[in-house]
Amino acid sequence: MTRELIRDHLKQLHHLLQQQYQPDSETRQMLESLSADIQKVLSGEHDDSTLPPPATIREKVRVALLEFESQHPQISGLVERIADGLAGLGI
C-alpha cells in the first residue's frame, strides 16, 4: 500500500468520524494522537526521537480497531486498512 493510499484512508476516517460518529473525549484524543503520528511518519518530516517506535504506532492502530470493531464496522474496516498499509511500509 502506498503512503498516498494510507493518507486517503485517514481522510475517509476523519470524514466518517465527523459525520457519523462522535467518539468520547478519550477516544477522540487517542485517534487525534495516532493520526498525528501517522501523518508525521508519512510526510517524512519528523524527528525520530519525538515519535513512538513503529511497533507502538501499530499497537495504537490495533487498539483503535478494537474500539470500533463491533459498533462501527465501516470505521474499523478503514482503521484495519490503515494498519495493514503501515505494516506494508514497515511502520
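Rg over Rh for the chain works out to 0.94, both radii taken from alpha-carbon positions and Rh defined as the Kirkwood radius. A Förster distance of 22 Å, applied to the separation of the beta-carbon atoms of ARG62 and LYS11, puts the FRET efficiency at 0.60.
What residue among SER25, SER33, SER76 shows peak mean-square fluctuation when the chain is described by a Gaussian network model with Cα springs under 10 Å? Comparing SER25, SER33, SER76 in a Gaussian network model of the chain, the most mobile one is SER25.
Based on DSSP H segments of at least four residues, each scored -39500 (n - 2.57), the chain has a per-residue ellipticity at 222 nm of -24500 deg cm²/dmol. Across the chain, C-alpha contacts under 8 Å between residues 6 or more apart give a mean separation that, scaled by the residue count, equals a relative contact order of 45 percent. Taking a point 7 Å from the Cα of GLN74 along the Cα-to-Cβ direction, the residues of region 13-31 with backbone N closer than 16 Å to it are 13-23.
No value in this document is a laboratory result; all are computed from the given coordinates. All figures in this text were calculated on a predicted structure; none of them were measured in a lab. Cβ atoms come from the backbone with ideal geometry, glycine included; neighbour counts cover every protein chain shown.
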